[in-house]
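Asker: Just dropping this structure here.
The values are calculated or read from the model by the stated rules, or taken from the named source; none is laboratory data. Small disclaimer: the values here were computed from a predicted structure and weren't measured. Cβ: placed from backbone, ideal geometry, glycine included. Neighbour counts: every protein chain shown. With ligands, DNA and RNA removed, areas are computed over all heavy atoms of the protein, side chains included. Shrake-Rupley method; radii C 1.70, N 1.55, O 1.52, S 1.80 Å.
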Amino acid sequence: MGFLAGKRILVLGVASKLSIASGIAAAMHREGAELAFTFQNEKLKGRVIGFAEGWDSELVYPCDVTDDNQISDLFSELGKSWDGLDGIVHCLAYAPNTELGGNYVDVTTREGFLTAHEISSYSFVALAQQGRKLMQGRNGSLLTLSYLGAMRSLPHYNVMGLAKASLEANVRYMAADLGPEGTRVNAISAGPIRTLAASGIKSFRKMLEHNAKQTPLRRNVTIDEVGNSAAFLCSDLASGISGEILYVDGGFNTTAMGSLNDLENE
Ligand code: NAD
Ligand code: 0WE
């Protein structure tokens, strides 16, 4: 029996087979969880329904997180099929493309800043608020996805770094408030992975190469590795973990100088 047997988990953020949310869903399905999914827009609806079928789920709902009504409708619809919910996986982020390239101080706009924070951070607490009743008293767990750009500056990540910093603080405040009713709240800070969200980013291929070379494990991580850690964090195996940011990055964040191999011509 899998370590998520009997758990009902809602996964937001599946857009393609490369999505981190897809790696998470696959691992959770393997471990016996029952899953439900959302799609951002009509363009993605058919695709998400198809993926859900592959993970034995017919529970697929619209949810653009910029729309309060879609968030509340999501949980009232889900409540018709499930009398309780054990987990919510928040696997989405967005900043306008024009914010993610060039000099941070020059390119950042009020509107881009607000959009990035609304979609990438506010949405996590908004979902917790609306999902709270279904999750109460089940020792459930909320999980979101972050990136090292929350803690350190790096080229082009720009306002998304601020939004991830906000998201990580969100994890700690939500953990403090939901802990007394048994709900845990955590984040995975994943290393860079080629997904749709990464495809439009300038020099992403170069960043992946650099990152692999400077990482203790000398490679980038996969959505399956993030998926396994996510399944663990949402399971009772992680019953003592809340308010935590778990790095799944091959150790990249732990070094100050990953490797000199390139310079020493080893
Ligand atoms: P992805 O493109 O596969 O997923 C991004 C998802 O965000 C899509 O499903 C999209 O529909 C959804 N989304 C965007 N705006 C939305 C909105 N308004 N309402 C609802 N959904 C919306 O890319 P991914 O890399 O799998 O990203 C998932 C998460 O992982 C993000 O939080 C991202 O910041 C994080 N992350 C990614 C990497 C990486 O290198 N790919 C590394 C660390 C963390
Ligand atoms: O969080 C992310 C990416 C999130 C993202 C991606 C896009 C591309 C398309 C948010 N908004 C948008 N908006 C779009 O229009 N990552 C952790 C992946 C990522 O993105 C980077 C990175 C890494 C790593 C951008 C610059 C530098 C590094």
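Asker: Considering each of Leu114, Leu44, Leu35, Leu100 in turn, give the residue that is in contact with a Lys or Arg (Cβ under 9 Å, 6 or more places away or on another chain), among the aliphatic types (A, V, I, L, M) and closer than 20 Å to Ala197 by Cα.
Answerer: Working: Leu114 fails: in contact with a Lys or Arg (Cβ under 9 Å, 6 or more places away or on another chain); Leu44 fails: in contact with a Lys or Arg (Cβ under 9 Å, 6 or more places away or on another chain); Leu35 fails: closer than 20 Å to Ala197 by Cα.
Being in contact with a Lys or Arg (Cβ under 9 Å, 6 or more places away or on another chain), among the aliphatic types (A, V, I, L, M) and closer than 20 Å to Ala197 by Cα holds for just one of Leu114, Leu44, Leu35, Leu100, which is Leu100.
Asker: Which residues, counting only those in segment 104-135, are under 30 Å from Gly84 (Cβ atoms) and acidic (Asp, Glu)?
Answerer: Filtering segment 104-135 for residues under 30 Å from Gly84 (Cβ atoms) gives 118-135.
Once the filter is applied, which keeps residues that are under 30 Å from Gly84 (Cβ atoms) and acidic (Asp, Glu), segment 104-135 yields only Glu118.
Asker: Let me ask something else about it. Can you pull out every residue in segment 65-118 that is aromatic (Phe, Trp, Tyr) and over 22 Å from the mean Cα position of the chain (by Cα)?
Answerer: Kept after step one, since they are aromatic (Phe, Trp, Tyr), are these residues of segment 65-118: 75, 82, 94, 104, 113.
Within segment 65-118, Trp82, Tyr104 meet the criteria.
Asker: Here's another thing I want to ask about it. Just one of Ser189, Ser203 is within 15 Å of ligand 2 (Cβ to nearest atom), on the phi > 0 side of the Ramachandran plot and either of a type in the set (Phe, Trp, Tyr) or open to solvent by less than 80 Å² (accessible area, probe 1.4 Å) (or both); which is it? Outline the logic, then answer.
Answerer: On the way: Ser189 fails: on the phi > 0 side of the Ramachandran plot.
Testing whether each residue is within 15 Å of ligand 2 (Cβ to nearest atom), on the phi > 0 side of the Ramachandran plot and either of a type in the set (Phe, Trp, Tyr) or open to solvent by less than 80 Å² (accessible area, probe 1.4 Å) (or both) leaves just Ser203.
Asker: Okay, next question. Under 9 Å by Cβ, and 6 or more places apart or on different chains, what pairs join a residue from segment 177-206 that is free of Cβ contacts under 8 Å to residues at least 12 places away in the same chain with one that is within 12 Å of ligand 1 (Cβ to nearest atom) and not hydrophobic (A, V, I, L, M, F, W, C)?
Answerer: Hits for this filter: Ala198/Pro192; Arg205/Arg194.
Asker: May I pose another question? Given the residues Ala163, Ala175, which is the only one that is within 14 Å of ligand 1 (Cβ to nearest atom) and buried (at least 16 other Cβ atoms within 10 Å of the Cβ)? Step through it out loud before you land on a result.
Answerer: Values: Ala175 fails: within 14 Å of ligand 1 (Cβ to nearest atom).
It is Ala163.
Matching residues to (1) closer than 24 Å to Val171 by Cα; (2) within 16 Å of ligand 2 (Cβ to nearest atom):
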| position | (1), (2) |
| --- | --- |
| Met1 | no, no |
| Gly23 | yes, yes |
| Asn41 | no, yes |
| Ser72 | yes, no |
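Asker: Quick check, is Asn265 surrounded by fewer than 19 Cβ atoms within 10 Å (Cβ to Cβ) and without any contact (Cβ under 8 Å) to a residue 24 or more places away in the chain? Break it down stepwise before answering.
Answerer: Numbers: surrounded by fewer than 19 Cβ atoms within 10 Å (Cβ to Cβ): yes; without any contact (Cβ under 8 Å) to a residue 24 or more places away in the chain: yes.
The answer is yes for Asn265.
Asker: A further question follows. For a quick check of your reading of the model, give me the residue pairs whose first member lies in segment 120-147 and is over 16 Å from Val171 (Cα atoms), whose second is part of a loop (DSSP other than H, G, I, E, B) and of a type in the set (Phe, Trp, Tyr), with beta-carbon atoms closer than 9 Å and at least 6 apart or on different chains.
Answerer: These pairs meet every condition: Leu134/Trp82.
Asker: Quick one: how many residues across segment 114-158 are more than 10 Å from ligand 1 (Cβ to nearest atom), open to solvent by 10 Å² or more (accessible area, probe 1.4 Å) and outside any helix (DSSP H, G or I)?
Answerer: 11
Asker: Sticking with this one: So which residues in segment 92-113 are surrounded by fewer than 20 Cβ atoms within 10 Å (Cβ to Cβ), among the charged types (D, E, K, R) and within 15 Å of ligand 2 (Cβ to nearest atom)?
Answerer: Hit for segment 92-113 is Glu111, nothing else.
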